[in-house]
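Engineer: Please read through the structure below; I'll follow up with questions.
The values are calculated or read from the model by the stated rules, or taken from the named source; none is laboratory data. Note that the structure is predicted; figures quoted are calculated from it, not measured. As a convention, Cβ positions derive from the backbone with ideal geometry for all residues, glycine included, and neighbour counts pool all protein chains shown. When the accessible area is computed, the model is the full protein with side chains, heavy atoms only, and any ligands, DNA or RNA have been set aside. Shrake-Rupley method; radii C 1.70, N 1.55, O 1.52, S 1.80 Å.
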Amino acid sequence: IVFFMPRTAKHILAALGALLLATASLPAQPPRPAGTVTAGEQKSPDGESTARPTLVLNVKNAEAVGLENDPNLKVIRTQQRLRGLVVEEAWREYLPTASVSWNRNKTIIENEDDTRNQSIRLNVDQVVYDGGRRDLAYEAARNDLALSRYDYDLAVQSLQLQIRQSFYDLLAGKAQLSILQRSIDRQTEQLKFAEAELRLGKTTPVEVLQI
């Protein structure tokens, strides 16, 4: 809406009437449940409306969507899985190692019998004492995993706080917008009465402008 500075009372009333018509032509919004935020229809760059399902969010739904799609939490969860694999690898160091070997030899000697030898060997190694290196590596991996879980809990709580703050700020802005809309409606009604009184000669154009 562009406002111009009128020069006469007639032009003033014409400008106010145009503003009134523009305000009255706005479509009415359907009522929504309190404490919810609705995402409605959007328009494509070429001006055509793109219909999509209406999404109604409350605090719990907003937190669920945020926790599922936050990239930082996805990174922390991936790091947790990797640290869990490190813990498993450190635990496997306590297990014995086994190896199997198979040998086959054939000896051919002229004017004598040939000889053939086959052997299968199974080797099992178990470290009895390593100076505590395995214990230290295992405890370090477990502590690293516990620290990652602690970081994840902190990130979840911080994200929940941000979502709640943004959600309630949005609700407060929505309430302020509703109050402003009611104020506009009240001023519009007062303008109608003032115009009627002006036509009847009970008021002056200056008093109309003061509304």
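Engineer: If we count every other residue with Cβ under 14 angstrom of Pro96's Cβ, Lys/Arg +1 and Asp/Glu -1, where does the sum land?
Structural biologist: With Lys, Arg at +1 and Asp, Glu at -1, the neighbours total -1.
Engineer: Rounded to the nearest 0.05, what FRET efficiency do Ser158 and Val56 have when you use their Cβ-Cβ distance and R0 = 30 Å?
Structural biologist: Rounded to the nearest 0.05, the efficiency is 0.75.
Engineer: Given a 1.4 Å probe and every protein chain left where it sits, what share in percent of the accessible area of region 51-169 is carbon and sulfur?
Structural biologist: Percent of accessible area from carbon and sulfur atoms in region 51-169: 52.
Engineer: For the residue pair Asp185 and Gln118, what label-to-label distance in nm results when each label sits 7 Å from Cα along the Cα-to-beta-carbon direction?
Structural biologist: Each label point is offset 7 Å from its Cα along the Cβ direction, giving 9.6 nm.
Engineer: Which loop GluC sites (Glu not before Pro) in region 102-211, with loop taken from DSSP, have no more than 10 other Cβ atoms within 10 angstrom of their Cβ?
Structural biologist: Those that pass, being in a loop and sparsely packed, are Glu110, Glu112.
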